[in-house]
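> Here it is: the structure, laid out below.
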Amino acid sequence: MTGNTAADQSPPFSPLACGLPVPPAPLPAPDALARALLLVSPSLETGLVREVERIAGRPAQTLPEGPPPSGEPYLCVGGSLPGALRTDRLLWFHSVTAGTDRLLGAGPWPASALLTRTVGRMGERMAQYVLGWVLAECQAVPEFTAQHARAHWEQLPTELIAGQTAVIYGTGRIGAAVGRLLGACGIRTVGVARTARSGPAPGSARTVPGFDRVIGAAEDAEVLGGARWVVSTLPLTDATAGFFGPARFAAVRGATFVNVGRGATVDLAALESALADGRVRRAVLDVLAKEPAAPEDPVWRLPRTVVTSHSSGITAEEDVVGDFTAAWEAVTAGRRPELTVDVGRGY
């Protein structure tokens, strides 16, 4: 259905997605929501459109490139929003993906428009992806696969994961899901919260479900030095672009780096340098700043690196239906949906 697809290149960021305080959009007024047109992206499958129509209790129209001919307000379900529809008539946009960087980066966001997103079981899928690569590495799967291709027999040492440390950047739904699954296997999990809103005060630590410990991003150098795995689930905002750069990789001492967040959060030149000198043992990159990577892209030639096709957290129709249903029930009951996006922060 709908993939958790990144932009072909890093989008320009909207002034509303740069971390500045932005007043939350008001909830749609009941009378306006009752008469609002329902617009859906043309990429949505027919079955999903029917479910969205059922939830909203009205027929859907395909998102036009220009404003709808009617003067009524409208709500949208999809992955992108043309500039002509970014008006004060937009009551609500429900994104069919978890990442909203493309949506917010494509133009100014109407201050009065509520933005919600789809997460569904994405955290569970991404957690299994991370655990799969962790186990494969510890069981020497890449090396045994290479040996098989050469018809070569040689015993190789394997590694136990219990008692080792994973540093997980991002302590929201997805990061916590990764932490829970790794923790269930005996891995010590340290969550890194980038923002002061979700992170502890400097010099302190706190416990959050899914993590043995949570620290602020400014204090991560020590834990990076003791990490066996460094996992990023970070969204892409102005503040996280290039977040994993030379200084952060310099603190790593032999960890494997796994990125399931956004590609542009990583400085690939810095990662290449860290791979070359052994500070980063391996890299697993499910996301890139430019997707899909062309055959001549240097990323394919990074040492000890595997690139996968942005597939760790593909969004299923059931995810969209479940999260849009929950958001609809909250809005119609006068509550702010749990999956509301703070457009000032970009997530």
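> Out of everything in the stretch 243-264 that is within 16 Å of A289 (Cβ to Cβ) and more than 15 Å from the chain's Cα centre (by Cα), what residue ends up being surrounded by the fewest Cβ atoms within 10 Å (Cβ to Cβ)? Lay out the reasoning, then the answer.
Restricting attention to the stretch 243-264, the residues satisfying the condition of being within 16 Å of A289 (Cβ to Cβ) are 243-245, 257, 259-264.
Now drop any that are not more than 15 Å from the chain's Cα centre (by Cα), which leaves 244-245, 257.
On the way: F244: 24, G245: 15, F257: 24.
Only one residue tops the list, namely G245.
> Continuing with this model, one more query. Quick one: A227 ticks every box in (1) among the small types (G, A, S); (2) farther than 22 Å from R173 by Cα; (3) assigned to a loop (DSSP other than H, G, I, E, B) except a single one, so which number is it?
(2)
> Can you tell me which residues in the stretch 82-106 are closer than 20 Å to A316 by Cβ, in contact with a Gly (Cβ under 8 Å, 6 or more places away or on another chain), of a type outside the set (D, E, K, R) and not in a strand (DSSP E or B)?
If the condition is that a residue be closer than 20 Å to A316 by Cβ, in contact with a Gly (Cβ under 8 Å, 6 or more places away or on another chain), of a type outside the set (D, E, K, R) and not in a strand (DSSP E or B), then V96, T97, A98, T100, L103 are the ones that fit.
> Which of the residues spanning the stretch 296-330 are touching a residue at least 24 places away in the same chain (Cβ under 8 Å) and in contact with a Phe, Trp or Tyr (Cβ under 7 Å, 6 or more places away or on another chain)?
Across the stretch 296-330, the qualifying residue is only S312.
> Ok, one more. Restricting attention to the stretch 87-126, which residues are basic (K, R) and within 16 Å of the chain's Cα centre (by Cα)?
To start, the set of residues in the stretch 87-126 that are basic (K, R) comprises 89, 102, 117, 121, 125.
Selection gives R102, R117, R121, R125.
> Any residue that is under 25 Å from A140 (Cα atoms), at pLDDT 95 or above, of a type in the set (A, V, I, L, M) and surrounded by fewer than 15 Cβ atoms within 10 Å (Cβ to Cβ) - is there at least one of those in the stretch 281-295?
No - not one qualifying residue is present in the stretch 281-295.
> Sticking with this structure for a sec: In the stretch 33-40, is there at least one residue being assigned to a helix (DSSP H, G or I), among the hydrophobic types (A, V, I, L, M, F, W, C) and buried (at least 16 other Cβ atoms within 10 Å of the Cβ)?
From the stretch 33-40, those assigned to a helix (DSSP H, G or I) are 33-35; that's our starting set.
Now drop any that are not among the hydrophobic types (A, V, I, L, M, F, W, C), which leaves 33-34.
Then drop every residue that is not buried (at least 16 other Cβ atoms within 10 Å of the Cβ), which leaves 33.
Looking through the stretch 33-40, at least one residue is assigned to a helix (DSSP H, G or I), among the hydrophobic types (A, V, I, L, M, F, W, C) and buried (at least 16 other Cβ atoms within 10 Å of the Cβ).
> Which of the residues belonging to the stretch 41-71 are among the acidic types (D, E), at pLDDT 95 or above and part of a loop (DSSP other than H, G, I, E, B)?
Here is the first cut: in the stretch 41-71, the ones among the acidic types (D, E) are 45, 51, 53, 65.
Still in the list and also at pLDDT 95 or above: 45, 51, 53.
Passing the criteria: only E45.
> In the list R345, R301, which residue meets the criterion of being out of contact with any Gly (no Cβ under 8 Å at 6 or more places or on another chain) and basic (K, R)? Step through it out loud before you land on a result.
Working: R345 fails: out of contact with any Gly (no Cβ under 8 Å at 6 or more places or on another chain).
The unique qualifying residue is R301.
> Within the set of pairs 6 or more residues apart or between chains, which connect a residue that is on the phi > 0 side of the Ramachandran plot inside the stretch 269-285 to a residue that is modelled with pLDDT of 95 or more and outside any strand (DSSP E or B) with Cβ atoms less than 8 Å apart?
G278/G254
> Which of the residues belonging to the stretch 144-157 are under 34 Å from the mean Cα position of the chain (by Cα) and surrounded by 14 or more Cβ atoms within 10 Å (Cβ to Cβ)?
Correct list: F144 only.
> Right, here's the next one. Any idea which residue in the stretch 127-161 is farthest from V287 (Cα to Cα), counting only those that are part of a helix (DSSP H, G or I) and small (G, A, S)? Don't jump to the end; show me each part of the working.
At the first step, the residues of the stretch 127-161 found to be part of a helix (DSSP H, G or I) are 127-138, 141-149.
The next check asks that each one be small (G, A, S); those that pass are 127, 132, 136, 146, 149.
Values: A127: 15, G132: 17, A136: 19, A146: 24, A149: 27 Å.
In this case the residue turns out to be A149.
> On to the next question. Going residue by residue through the stretch 21-31, is there one that turns out to be modelled with pLDDT of 95 or more and in contact with a strand residue (DSSP E or B) (Cβ under 6 Å, 6 or more places away or on another chain)?
yes
> Can you tell which of V119, V190, V178 is farther than 30 Å from V52 by Cα and either modelled with pLDDT of 95 or more or surrounded by fewer than 24 Cβ atoms within 10 Å (Cβ to Cβ) (or both)? Let's see the steps before the verdict.
On the way: V119 fails: farther than 30 Å from V52 by Cα; V178 fails: farther than 30 Å from V52 by Cα.
Selected residue: V190, the only one of V119, V190, V178 that is farther than 30 Å from V52 by Cα and either modelled with pLDDT of 95 or more or surrounded by fewer than 24 Cβ atoms within 10 Å (Cβ to Cβ) (or both).
> So G313 fits all but one of (1) over 15 Å from the mean Cα position of the chain (by Cα); (2) in a loop (DSSP other than H, G, I, E, B); what number is the exception?
With (1) over 15 Å from the mean Cα position of the chain (by Cα); (2) in a loop (DSSP other than H, G, I, E, B) applied to G313, the lone miss is (1).
> Looking at L236 and the list (1) assigned to a helix (DSSP H, G or I); (2) modelled with pLDDT under 95; (3) within 27 Å of R121 (Cα to Cα); (4) of a type in the set (A, V, I, L, M, F, W, C), which single condition is not satisfied?
For L236, the failing item is (1).
> For the stretch 320-332, enumerate the residues that are in contact with a Lys or Arg (Cβ under 8 Å, 6 or more places away or on another chain) and crowded, with 23+ Cβ neighbours inside 10 Å. First the steps, then the outcome.
Residues of the stretch 320-332 that are in contact with a Lys or Arg (Cβ under 8 Å, 6 or more places away or on another chain), as a first pass: 323, 330.
Result: D323, single match.
The values are calculated or read from the model by the stated rules, or taken from the named source; none is laboratory data. As the structure is a prediction and not an experimental result, all values here were calculated from the model. In this analysis, Cβ positions are derived from the backbone assuming ideal geometry, glycine residues included, and neighbour counts consider all displayed protein chains.
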